[in-house]
Amino acid sequence: MPQTTDWADVQVVGIPRALLFYRFGVLWTTFFESIGRTVVVSDPTDKAIADGGDRLSVDECCLASKVFIGHVESLAGRCDAVFVPCYPTSDHRSGFCTKFQSATDMVRNTFRDDKLRVISCEVQNARKVKDVRRAFCDMAARMGVAPKDARAAFKAAWDAQRAHDEALADAQERTLRRLIDERRAADAAAAAGDDSVARPLGILVVAHPYISHDPYLSGAVIDSLEDMGATVVYADAMDHERAYKKSFEFSGTMPWLINRELIGSILLAQDDIDGIVLISAFPCGPDSMTDDAIMRCIQGTPILNLMIDAQSGTAGVETRVESFVDILRFQQKGGYVHE
Amino acid sequence: MSKPQALIEQVRSSVAVELERRHAPTLLADRKAAKAAKHKAKHHKYTKAAFFRYCYYDPAFKFFCEQVLDVDYLPLPEATRAASEVGVQNSSDYVCTPFKHILGDFAEALDLGADILIQFGGPCRLGYYGELQESILRDMGYEFIMMNFARGIELGYIGWAKEVLKTVNPNIDVPHGVVKLKAVAKMIEHLDSLRDFYLANAGFEVQRGSFDAAWVSAMDAMRTCLDERDINEAYREAMAAFRAIPLDKPADPIRIGIVGEMFTAIDERSNLGLDHKLVAMGVEVHRMLNFTNRYLRYNEPNLRVGAKDYLTYDMGPTSTLTVAAAKKYAAGGFDGLIHAKSAGCTPEIDCIPVLQKVSEDYSVPVLYLTYDSQTSDTGLDTRLEAFYDMLSMKKEKSK
């Protein structure tokens, strides 16, 4: 069958800065740039984008999905087509929320009357390089790119994404090591009778990357943590492969890749941190179940579970974070009850 | 364009401070419990299995337990508000509603003496129900064996067979079980076909209650079946009884198609008796969504071809069925559609933009219903009546 090249005229590709962009964004942008297309990534989330998404979405959608729709809307008129891939749950232990599976058709139908063009590909298993390559090369063929060029572009994109992930994971490792060193130094100083060296406070932020790295959504939480002198470690940025494998110790049947990585990171880092902050966008499907599991089964470290939605102002978040950090500081000094 | 109702305001933050590590950070049941379970399974001491309450499939579950697994089946009594309440109290508040109902059912089944609980696996959050419910019930203090079909799903039927042999009964006669499994499939097909007939015709019975009476005796007959021959016999008799009921059906009745989420759109306890309410209004009801069409005959890529104007990819567990059925009903001149789902069901929420386009293209009204554990019965009545009035007025006008 001759391959249709109905996307060959797409020169400027728009990518919404939301959802899985925070996980696979480097791969996507590098790929399109390597096949000679111009990439427009939508602007960082602001109130206008969030409100636009809220207006266009069904009320019951989660906040992250509404923001995503807002980003798509903001790209209308700025590009030839918007790139919305489909990530179905074809592997039972490394799937995604069905939101990422339906994103393509949700966008197509929501913006049908605006004649917004959507290009997409279907990635069967995001952990298998072969599956991802097939999806991207098929899409490139429809864009009129020769198979050889598409494969080369994919290789560049895959490597760029891996280098990016490794750099992030390294940064988290370094932060964790620094925390350990500082703690040791403080302990040594305290043993020598010097109380002036403050113990560090390491907080593991556990949230989907599109929440924890979007300043509009979780900026208030991260900022107030840092203002209070805590060191923030991102669970989503830790070594994906190690965290994924580790997560099987926690749960045998959990179907979501990102949640698995988050839980694996908790298990890996739990001994090196003082507190855990879970952030989820209301009403996140996977988090509704995994947060419950984490709150009940992860013991030995205080956990704050925060739910953010469009209405919550920063004041409410700050009080909650402050009181949580106070609990932790108190704990460091010996706890409420001196045993 | 109609918009679905908004979610209720819920709790926004919580803190867990458990400084002592009482058990390992894992959801998996501890090794001692696993060993004990294995021992008991080997000596076949666990004998009473229970499913959760699900629609009208209770006879099929019973047949499956008794004939395939070779364990006793523990039937649950009629659902009560109190049973669901247990589930609501012990689960996180924004988890989907079926989770809460099922958790309540399981707690009730354990109170009534069940040893084995059986849970399905599925492609959405359903795939994680079993493990989390097991952990919650153990935290509540119950002891039991969970037969979770989300385990072993990687290997398909073989994985499930191993799982069954390992957890429930190692002495199953496998070839016999396979034959009986085929009979279970037959029974499900028959139950669905009976229900389809019921939905299409029960609204027009001359003597009120005759269909319900026939339905109850059909279910009783199905419950006592021992093999495929019994099942076919029961089906024949039930169908004959249905057909013998005198009908007063107008040539062009109001027809409504129900689409939506697998649990809520079918299960009368979760959707507050949607079937009965519609039938009582004298409506011909159609519902493509059932076990037969979703599991036994499901061919997603081919089903999607019919709705390719709206769908590029498979959008979720039942999304293709929802959209394809909606399109089929709309194109077939149905008067209205009802989209029923539980609060927070992500795949079905994502279907709504698609259904809105179907509704625009075919100018067919869609009533979007979202159920959570607090949805009130009278509120539903009012909406259904208003929807019915609108449809009948529309029908009058077009005559």
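The values are calculated or read from the model by the stated rules, or taken from the named source; none is laboratory data. If you're wondering where the values come from, they're calculated on a predicted model, not measured in any experiment. When we count neighbours, we look across all protein chains shown, and the Cβ atoms used for this are built from the backbone with ideal geometry, even at glycine.
Please go through the stretch B:312-363 and give me each residue that is among the charged types (D, E, K, R) and in contact (Cβ under 8 Å) with a residue 24 or more places away in the chain, ordered by number. Steps first, answer last, please.
Residues of the stretch B:312-363 among the charged types (D, E, K, R): B:314, B:327-328, B:335, B:341, B:348, B:350, B:357, B:360-361.
Scanning the stretch B:312-363 gives B:LYS327, B:LYS328, B:ASP335, B:LYS341, B:GLU348, B:ASP350, B:LYS357, B:GLU360, B:ASP361.
Only residues that are of a type in the set (Ser, Thr, Tyr), in contact with a Cys (Cβ under 6 Å, 6 or more places away or on another chain) and under 18 Å from A:GLU122 (Cα atoms) were counted across the stretch B:265-322, and they come to 2.
On the basis of being aliphatic (A, V, I, L, M), touching a strand residue (DSSP E or B) at 6+ places or on another chain (Cβ under 8 Å) and farther than 25 Å from B:LEU296 by Cα, does B:ILE136 make the cut? Lay out the reasoning, then the answer.
Working: aliphatic (A, V, I, L, M): yes; touching a strand residue (DSSP E or B) at 6+ places or on another chain (Cβ under 8 Å): no; farther than 25 Å from B:LEU296 by Cα: yes.
So B:ILE136 fails the test.
Filtering the stretch A:195-227 to residues that are among the hydrophobic types (A, V, I, L, M, F, W, C), farther than 26 Å from A:GLU182 by Cα and modelled with pLDDT of 90 or more leaves only A:ILE211. For the stretch A:213-243, a residue qualifies if it is closer than 23 Å to A:ARG93 by Cα and either of a type outside the set (Phe, Trp, Tyr) or surrounded by fewer than 20 Cβ atoms within 10 Å (Cβ to Cβ) (or both), and the qualifying residues are A:ALA235, A:ASP236, A:ALA237, A:MET238, A:ASP239, A:HIS240, A:GLU241, A:ARG242, A:ALA243.
Being of a type outside the set (D, E, K, R), part of a helix (DSSP H, G or I) and within 12 Å of chain B (Cβ to nearest Cβ) is the filter; apply it to the stretch A:244-264 and report the residue that is surrounded by the most Cβ atoms within 10 Å (Cβ to Cβ).
Keep residues of the stretch A:244-264 that are of a type outside the set (D, E, K, R), which gives A:244, A:247-248, A:250-259, A:262-264.
Add one more test, that the residue is part of a helix (DSSP H, G or I), and what stays is A:244, A:247, A:257-259, A:262-264.
With the extra rule that they be within 12 Å of chain B (Cβ to nearest Cβ), the set shrinks to A:247, A:259, A:263-264.
Values: A:SER247: 25, A:ASN259: 26, A:ILE263: 30, A:GLY264: 25.
Of everything passing the filter in the stretch A:244-264, A:ILE263 is surrounded by the most Cβ atoms within 10 Å (Cβ to Cβ).
Filtering the stretch A:92-101 to residues that are more than 7 Å from every other protein chain (Cβ to nearest Cβ), in a loop (DSSP other than H, G, I, E, B) and either of a type outside the set (A, V, I, L, M, F, W, C) or touching a strand residue (DSSP E or B) at 6+ places or on another chain (Cβ under 6 Å) (or both) leaves A:ARG93, A:SER94. Please work out if A:MET106 is assigned to a helix (DSSP H, G or I) and under 26 Å from B:LEU126 (Cβ atoms). Answer is yes for this residue. Out of all the residues in the stretch B:171-178, is one or more exposed (fewer than 15 other Cβ atoms within 10 Å of the Cβ) and acidic (Asp, Glu)? Yes, some residue in the stretch B:171-178 is exposed (fewer than 15 other Cβ atoms within 10 Å of the Cβ) and acidic (Asp, Glu).
Here are some residues: B:VAL86, B:VAL71. Which one is buried (at least 19 other Cβ atoms within 10 Å of the Cβ) and either on the phi > 0 side of the Ramachandran plot or not assigned by TED's automatic domain parsing to the domain that holds B:VAL184 (or both)?
Working: B:VAL86 fails: buried (at least 19 other Cβ atoms within 10 Å of the Cβ).
Only one candidate passes the filter, namely B:VAL71.
Considering the stretch A:50-91, the residues that are away from chain B (no Cβ under 13 Å) and in a loop (DSSP other than H, G, I, E, B) include one that is surrounded by the most Cβ atoms within 10 Å (Cβ to Cβ), namely A:CYS79. Taken over the stretch B:313-358, the residue count meeting the criterion of being in a loop (DSSP other than H, G, I, E, B) and of a type outside the set (Ser, Thr, Tyr) is 11.
So which residues in the stretch B:287-312 are within 14 Å of another protein chain (Cβ to nearest Cβ), in a loop (DSSP other than H, G, I, E, B) and surrounded by fewer than 19 Cβ atoms within 10 Å (Cβ to Cβ)? Before the answer, list the steps.
Narrowing the stretch B:287-312 to residues within 14 Å of another protein chain (Cβ to nearest Cβ): B:300-301, B:304, B:307-312.
Okay, now just the ones that are also in a loop (DSSP other than H, G, I, E, B), so B:307-312.
Hits for the stretch B:287-312 are B:LYS308, B:ASP309, B:THR312.
When you scan the stretch A:212-234, do you find a residue that is free of Cβ contacts under 8 Å to residues at least 12 places away in the same chain, under 28 Å from B:LEU126 (Cβ atoms) and assigned by TED's automatic domain parsing to the domain that holds A:VAL321, even just one? Looking for residues that are free of Cβ contacts under 8 Å to residues at least 12 places away in the same chain, under 28 Å from B:LEU126 (Cβ atoms) and assigned by TED's automatic domain parsing to the domain that holds A:VAL321, one finds none in the stretch A:212-234, hence no. Within the stretch B:154-174, does at least one residue satisfy the condition of being within 26 Å of B:SER270 (Cα to Cα), in contact with a helix residue (DSSP H, G or I) (Cβ under 9 Å, 6 or more places away or on another chain) and either more than 10 Å from every other protein chain (Cβ to nearest Cβ) or not basic (Lys, Arg) (or both)? Within the stretch B:154-174, none of the residues are within 26 Å of B:SER270 (Cα to Cα), in contact with a helix residue (DSSP H, G or I) (Cβ under 9 Å, 6 or more places away or on another chain) and either more than 10 Å from every other protein chain (Cβ to nearest Cβ) or not basic (Lys, Arg) (or both).
Look at the stretch B:92-109 and say how many of its residues are farther than 24 Å from B:LYS48 by Cβ and surrounded by 23 or more Cβ atoms within 10 Å (Cβ to Cβ).
Here is the first cut: in the stretch B:92-109, the ones farther than 24 Å from B:LYS48 by Cβ are B:92-97.
Pick out the ones that are also surrounded by 23 or more Cβ atoms within 10 Å (Cβ to Cβ) and you get B:94-97.
Residues flagged as farther than 24 Å from B:LYS48 by Cβ and surrounded by 23 or more Cβ atoms within 10 Å (Cβ to Cβ) within the stretch B:92-109 amount to 4.
Give the number of residues within the stretch B:352-376 that are within 12 Å of chain A (Cβ to nearest Cβ) and surrounded by fewer than 17 Cβ atoms within 10 Å (Cβ to Cβ). Matching residues across the stretch B:352-376 total 2.
For A:THR104, are the conditions met, namely being within 10 Å of another protein chain (Cβ to nearest Cβ), under 30 Å from B:GLY152 (Cα atoms) and surrounded by 21 or more Cβ atoms within 10 Å (Cβ to Cβ)? Taking the combined requirement at face value, the residue does not satisfy it. The selection criterion, being within 30 Å of A:ALA269 (Cα to Cα), in a loop (DSSP other than H, G, I, E, B) and either touching a Phe, Trp or Tyr at 6+ places or on another chain (Cβ under 6 Å) or more than 14 Å from chain B (Cβ to nearest Cβ) (or both), does not hold for A:ALA185.
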